[in-house]
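Down below is the structure, laid out as structure tokens.
The values are calculated or read from the model by the stated rules, or taken from the named source; none is laboratory data. Because the structure is a prediction, the values reported are computed rather than measured. Every residue, glycine as well, gets a Cβ built from its backbone with ideal geometry; the counts of neighbours run over all protein chains shown. Only protein heavy atoms, including side chains, enter the accessible area calculation; ligands, DNA and RNA are left aside. Shrake-Rupley method; radii C 1.70, N 1.55, O 1.52, S 1.80 Å.
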Amino acid sequence: MATITTKDGTQIYYKDWGKGQPIVFSHGWPLTADDWDVQMLFFLEHGYRVIAHDRRGHGRSSQTGGGHDMDHYADDLAALTAHLDLKEAVHVGHSTGGGEVVHYLARHGESRVAKAAIISAVPPLMVKTAANPGGLPKEVFDGLQAQLAANRAQFYYDLPAGPFYGYNRPGAKPSQGVIWNWWRQGMMGGAKAHYDGIVAFSQTDFTEDLKKIDVPVLVMHGDDDQIVPIGAAGLMSAKILKNATLKVYPGFPHGMPTTNADQINADLLAFVQRRHQASA
């Protein structure tokens, strides 16, 4: 297995396939690099180098007891990009991975980066506060932690079988393979990492990070996202970013890179291939 060891001794697992311009994928909570299989195969076939890692505590990376916060997530991603000496990379983040990408760009700069895409992503801030009245109440996230602590295996079946992929909507056709693959990925990771990760993705305020980003960013969000509602997420991020392109997908769920892979892949490819004017 390909791994790097970070400065605090954590082993981060990654995949690195192909040659060409690098596209780096950051997965959502509580999943793994495997959640990007469809995208990685697609972009590999289109002549790109594709890279995806398992976040610390997730998948095949070290099940560390600590460091489950956006600073460590961003630093781990920076360590990977430095180890691979990536240049002109495109960073793509889904959900929590979108937060990781945004924080990485703001914290470590854009010298290795050409552009980014955030899909169903958590920025600018998920939790409801006085300054963020459109967010979700903290009790929602406390409830997720309680369900995880009580019966992680059942929780990790119910989430993909229901709201994550929109399979709880009338007329939806659930894929048992997709549900069990989500469950498999989740159960590979560490309960402590996933428990702490709920705080990381819900309570980190990315507003100032978004303001620092100069590279072009494609903001992709489904308007039927039941996990990260679009109003306080994608729509807000697109307003704050200096160089954003917003794409709203009517009726698409949170897990749209899987359920609607053909559309998402085509739009990502068009964005990656587009020539962008350098921002002032």
Any idea which residue in region 68-78 is nearest to Thr6 (Cα to Cα), counting only those that are of a type outside the set (Ser, Thr, Tyr) and open to solvent by less than 40 Å² (accessible area, probe 1.4 Å)? Asp76
Whether any residue in region 46-58 is in contact (Cβ under 8 Å) with a residue 24 or more places away in the chain and surrounded by fewer than 18 Cβ atoms within 10 Å (Cβ to Cβ) is what I want to check. yes
Criterion (under 24 Å from Asp214 (Cβ atoms), modelled with pLDDT of 95 or more, open to solvent by less than 30 Å² (accessible area, probe 1.4 Å) and aliphatic (A, V, I, L, M)) met by exactly one of Ile23, Ile12, Ile4: Ile23
Filter result (touching a strand residue (DSSP E or B) at 6+ places or on another chain (Cβ under 8 Å) and aliphatic (A, V, I, L, M)) within region 16-40: Ile23, Val24, Ala33, Met40
When the residues of region 201-231 are narrowed to those that are over 18 Å from Thr96 (Cβ atoms), out of contact with any Lys or Arg (no Cβ under 8 Å at 6 or more places or on another chain) and acidic (Asp, Glu), which ends up surrounded by the most Cβ atoms within 10 Å (Cβ to Cβ)? Asp223
Enumeration of residues in region 172-198 that are closer than 23 Å to His103 by Cβ and open to solvent by 60 Å² or more (accessible area, probe 1.4 Å): Lys192, Tyr195
Selected residue (only one of Ala114, Ala106 is surrounded by 14 or more Cβ atoms within 10 Å (Cβ to Cβ), outside any helix (DSSP H, G or I) and touching an Asp or Glu at 6+ places or on another chain (Cβ under 6 Å)): Ala114
Given the conditions (1) open to solvent by 10 Å² or more (accessible area, probe 1.4 Å); (2) under 18 Å from the mean Cα position of the chain (by Cα), and given that Pro123 satisfies all but one, which numbered condition is not satisfied? (1)
Could you grab me the full set of residues in region 160-181 that are on the phi < 0 side of the Ramachandran plot and in a loop (DSSP other than H, G, I, E, B)? Gly162, Pro163, Phe164, Tyr165, Tyr167, Asn168, Arg169, Pro170, Ala172, Lys173, Pro174, Ser175
Would you tally the residues in region 136-171 being in contact with a Phe, Trp or Tyr (Cβ under 8 Å, 6 or more places away or on another chain), open to solvent by 40 Å² or more (accessible area, probe 1.4 Å) and farther than 19 Å from Gln63 by Cα? 2
Could you please find all residues in region 232-251 being crowded, with 20+ Cβ neighbours inside 10 Å and either touching a residue at least 60 places away in the same chain (Cβ under 8 Å) or of a type in the set (Ser, Thr, Tyr) (or both)? Ala232, Ala233, Gly234, Met236, Ser237, Tyr249
Kindly provide the set of residues from region 183-217 that are within 26 Å of Arg274 (Cα to Cα), part of a loop (DSSP other than H, G, I, E, B) and among the charged types (D, E, K, R), ordered by number. Asp214
Only residues that are in a helix (DSSP H, G or I) and under 11 Å from Gly166 (Cα atoms): list them for region 220-262, please. Met256, Thr259
